[in-house]
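Values in this text are rule-based calculations from the coordinates and carry no lab data. Source: prediction; values computed, not measured. Counting neighbours? That spans all protein chains shown, and the Cβs are built from the backbone with ideal geometry, glycine included.
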Protein chains: 2
Amino acid sequence: MSQTRIMLDEKDIPTHWYNVVADMPNPPLPPLGPDGNPVGPEKMLEIFPGNILEQEMSAERWIPIPEEVREIFKLWRPTPLMRAHRLEKVLGTPAKIFYKYEGVSPSGSHKTNTSVPQAYYNKQAGFSRVTTETGAGQWGSAVSFAGQMFGIEVRIYMVKISYEQKPYRRSMMQTWGGNVFPSPTNMTQAGRDALAQDPNNMGSLGLAISEAVEEAASRADTNYTLGSVLNHVLLHQTVIGLEAKKQLAMVGEYPDMVFAPCGGGSNFGGIAFPFLADKAAGKKVRLVGVEPISCPSMTKGIYAYDYGDSSGYTPLMKMYTLGHNFMPPGIHAGGLRYHGESPLVSQLYHEKLIEAVAVPQLATFAAGIQFARAEGIIPAPESCHGIRAVIDEALRCKETGEPKTLLFCLSGHGHFDMFSYDRYLSGQLEDYDYPQELVAEATKDLPKVDWPKAA
Amino acid sequence: MSQTRIMLDEKDIPTHWYNVVADMPNPPLPPLGPDGNPVGPEKMLEIFPGNILEQEMSAERWIPIPEEVREIFKLWRPTPLMRAHRLEKVLGTPAKIFYKYEGVSPSGSHKTNTSVPQAYYNKQAGFSRVTTETGAGQWGSAVSFAGQMFGIEVRIYMVKISYEQKPYRRSMMQTWGGNVFPSPTNMTQAGRDALAQDPNNMGSLGLAISEAVEEAASRADTNYTLGSVLNHVLLHQTVIGLEAKKQLAMVGEYPDMVFAPCGGGSNFGGIAFPFLADKAAGKKVRLVGVEPISCPSMTKGIYAYDYGDSSGYTPLMKMYTLGHNFMPPGIHAGGLRYHGESPLVSQLYHEKLIEAVAVPQLATFAAGIQFARAEGIIPAPESCHGIRAVIDEALRCKETGEPKTLLFCLSGHGHFDMFSYDRYLSGQLEDYDYPQELVAEATKDLPKVDWPKAA
């Protein structure tokens, strides 16, 4: 049997991030205020350091990764690229399936690829504290770890219901020294207002974001960190695709198709953007974002300027959106709950440089379990979306006889998601196909702005 | 900074296990019946296949690892050897600290190193089902995974209180297709007897063992699997030390001291035995088993023939023991709860070829957290014992200025143990120094047998 694990040495950790903006046919559309005018950097500087903002707006193709960041990456990078021999055999497919496994990071997902540089840049810029919000706790864990690496205080507003019902991620954050608060708190105006209305408020992600941003904006020593959506976050994740390309080349392969789950876009951007560089240079490769049919921002959403958060606190960004008040149905257990899609991914999708598919929940968990039984690793529910799409493609290859090379990003393990697996295994989950009609309804009141501005 | 991660290629997965029996000054003492006579293989064949029993009794130095087993190992082996640069810096020690990280396996610990060959040998010998018991679920997970790899049905008796209170390990076992039953069940005589006495019996590890062994003994198609204590289990774990030796040699190092937690001995045997081969050949290296002061079998136990299980179902084995009725105190959260020590480790300790130390619980969790904050990985509580001893030694090196090279086995991650971390972080744990007086009391009624038999 040919090689199963393709490893790189620590000296092969990328020295530069790849910035997809350099290869986009059109420049990214600017963030706008409700008045339709571009939002200048001064607004962003309230909550982000200048060095990160510079990356956010850069059009340079290659951006150097600081040595201090690469030093921390050595704790788990380069990550393995695996050939899924056993899955191929179970499926009886002529396709070759490869996966890049990011679950070996300390927090168990790809999120540390950006939390570490974000902590580093804040430290460099003289900030000693960062805030963030977290729901289930994946992003909060990644920030806690990163803050500890650079001696930065981390303050996490964790949705209260998760804080109480999912104590393990909370303990993980605390183990790394993070300060975790059940949101709403009485430490912010947003929190106090919510508690005044309802002292038993169990919180929401939107409210936790408001608290984290409010604290960051109100203190000179504190910034805000975000785990997805923005350009610099996707930039940081490109280490995944850059390593994967090198590893595939070591075994003489190049993918026909690259798959990744798509929520806020950091996983997809991470593995797919470096291949988009080749596509821009004329190479044939298909890049497929995979989303849940219950949160189908690209496959059913509209392409419009919308807020990044549910409270309308952020600038307006042009993206595929289900409306910023979108709430995933209660039955949805698989993550990727964001109402929109990152502006970069959205623009590339709009320009037909990438594709998107949506997969149903039950088939997604079934794919995760089929994968675990073949390959051992139990994938995070988010990662299962990519696996579902890959298995579907591999089964098509079985029918057509095409020996395609398929690559996907296994962004994290499911050790903290066994509750969702349990709900699936005990028959408590069902499919929910988000109705197209609801999209028009939910987006009808968005500010009527666009870019370029109508004359 | 010198290399952090030292990786091997998949072709470097060991081709043979190292059998320490070949290098012991005296042959292992035989298991005895209560009458003082050695127990023949026919008794063991009721619950183990012949090919495993052959390994259990072998004195061959090198035993080949089947290709089919090495194929599965490729899913996570060779595991990384890490230089703990950041921990060294935090401690300010001149010591060099290396750790072998086994938490990258699908089930998150070193246990899969033996569950995989055990499933393979059962399959080879024509058995289609295996049973086992599990408490918190670490071993049950490893067997579920291994059974799935070879198409063997796995039946796990899980202590009922854990089944209900720790559903996540249960879901993990089920994800890999394992059948998990809350013990006591009404499927075995042992279970029915317990339920007749108390219908609300919440189970114990001893009872779960009895159920698993009873089912295995009563069916021709079924065997029993064990995750520690026995010779073949420790043999299978030697891949850890064999890889570590090679990895250290790649950076020109050889350990002055090797540390590992010691409960049933599989972790310690795995990393330390391959170095004992060198010691037998005259090389200077110290091998240190680390146990909790609340379950101090080597440091406070007696060296005597005792049962391997609490019900007295197994043959008598010569080992360091606290008495087979030993129960760790309720306050103990750190694993390594076994009343005895594996016969091989015990004999080597008795012959002063290895050392043992005991560490208190609070200092153990403190060490785990210090490690997590320096190196990222959150260690399993069992692994924290080894870390505590390594940190203590590194601090001694700081005082003496000795630049010792220290190696330890980080046997697993703590993702399923955050409940214990939470108890530590919230001040709910305390130290318990097991009283020496209790040992004599608890071992006074053991069968008065020994080997060689008194004339």
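Remarks
- Overall, region A:295-358 carries a charge dipole of about 80 debye about its Cα centre when +1 sits on the Cβ of Lys and Arg and -1 on the Cβ of Asp and Glu, all other atoms neutral.
- Counting only Cα atoms, chain A measures 62, 54, 48 Å along its principal axes, largest extent leading.
- Alpha carbon convex hull of region A:105-205, projected area averaged over orientations, nm²: 6.2
- Spatial extent of region B:135-188: Rg and Dmax, with the Cα atoms as the point set, Å: 10.4, 30
- Normalised convex hull volume, region B:291-390, alpha-carbon set, Å³ per residue: 98
- Seen from A:Leu8, the other residues with C-beta closer than 12 Å to its C-beta sum to a net charge of +3, counting Lys and Arg as +1 and Asp and Glu as -1.
- Using alpha carbons only: equivalent-ellipsoid semi-axes of region A:403-455, gyration tensor based, whole Å: 37, 22, 14
- If you take the Cα centroid of region A:2-70 and the Cα centroid of region A:214-244, the two points sit 9 Å apart.
- Kirkwood-based shape ratio for region A:12-117, expressed as Rg/Rh from alpha carbons: 1.10
- Descending principal axes extents, region B:341-455, alpha-carbon based, whole Å: 59, 37, 25
- P(r) of region B:1-45 over all Cα-Cα pairs, binned every 10 Å from zero, in whole percent: 18, 22, 25, 17, 12, 5, 0
- Rg/Rg_globular for region B:353-417, with Rg_globular taken as 2.2 N^0.38 Å and Rg from C-alpha atoms: 1.13
- Pairs of lysine residues in region B:21-169 - Cα separation under 20 Å, sequence separation of 8 or more or cross-chain: 7
- Here region A:422-455 is scanned for amide nitrogen atoms under 18 Å from the site 7 Å beyond the Cα of A:Asp35 along Cα-to-Cβ, giving A:447-451, A:453-455.
- Binned Cα-Cα distance frequencies in region B:169-287 - 5 Å width, integer %: 2, 10, 13, 15, 13, 12, 9, 9, 8, 6, 3, 1, 0
- Across region B:212-348 the C-alpha pair distances fall into 10 Å bins from zero in the proportions 12, 37, 32, 16, 4, 0 percent.
- Semi-axis lengths, Å, region A:35-92, gyration tensor of Cα atoms, sqrt of 5 times eigenvalues: 39, 20, 11
- In this entry, region A:235-275 is assigned a mean projected area of 2.7 nm², taken as a quarter of its C-alpha convex hull surface.
- Base-10 log of normalised Debye intensity for the protein assembly as shown (one unit scatterer per alpha-carbon) at q = 0.06, 0.09 Å⁻¹: -0.41, -0.91
- Kirkwood-based shape ratio for region B:84-123, expressed as Rg/Rh from alpha carbons: 1.30
- Other residues with beta-carbon under 10 Å from the beta-carbon of B:Val251 carry, at +1 per Lys or Arg and -1 per Asp or Glu, a net charge of +1.
- Chain B - mean residue ellipticity at 222 nm from DSSP helices (-39,500 (n - 2.57) per run, n ≥ 4, rounded to 500): -12000 deg cm²/dmol
- q = 0.12, 0.13, 0.16, 0.19 Å⁻¹, region B:238-308: log10 I(q)/I(0) [Debye, one scatterer per Cα]: -0.38, -0.44, -0.63, -0.82
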